[in-house]
Structure formats: structure tokens, C-alpha cells
Amino acid sequence: MSEFVFLGLRTRKGISEIEFKNRFNKDIYDVFGEAINKNIKRGTIDKAEDRLTIPKEYLYVSNGILVDFV
């Protein structure tokens, strides 16, 4: 699950909450809710519809963001 999130967030497409649920049979917020909400509040993760992405201006510090999901 961590690898799915880690690799997916490194792409411009980001990750789909629905795809996570279908793949792992778990809600992404049950597994990574604290990390997701922390980064949404900081503005380092965007949520649009069912997708989570790292905004373009934060891609250069993505390792610092992704460490929350490992």
C-alpha cells in the first residue's frame, strides 16, 4: 500500500482513492488518513474528486512529503 501511494504521488496524475479501495479493499483514509490530512492542511497534497496529487510547486520536496506514507 505504501509503495502504491509513494509511486503514484510521484506522478502528475497522482492516485485515485477508488483505485486504492479496489486494489487493497481498504479505504485510503483508514490506512493513511493522518498523513493525507496533514499534507492537505499544509497544501502539499491536493484533493480533487477522488484524486490526490502533489502540487507542481512542491514536487521538488516530494521526498519530504512522501516520507509520511512509509
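Coordinate-derived values only; no laboratory data. Only a predicted model underlies this, so the values are computations on that prediction, with no experimental measurement involved. Cβ coordinates were reconstructed from backbone atoms using ideal geometry, including for glycine residues, and neighbour counts include every protein chain displayed.
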Give the relative contact order (percent, whole number) for the chain; include only Cα pairs under 8 Å separated by 6+ residues. 40 percent
Place a +1 charge on the Cβ of each Lys and Arg in the chain and a -1 charge on the Cβ of each Asp and Glu, then give the dipole magnitude about the Cα centre in debye, rounded to the nearest 20. 200 debye
Other-chain or far-sequence residues with amide H under 5 Å of I45's (modelled H): I40
Inter-label distance, nm, simple model (7 Å from Cα along the C-beta direction), I18/R42: 2.9 nm
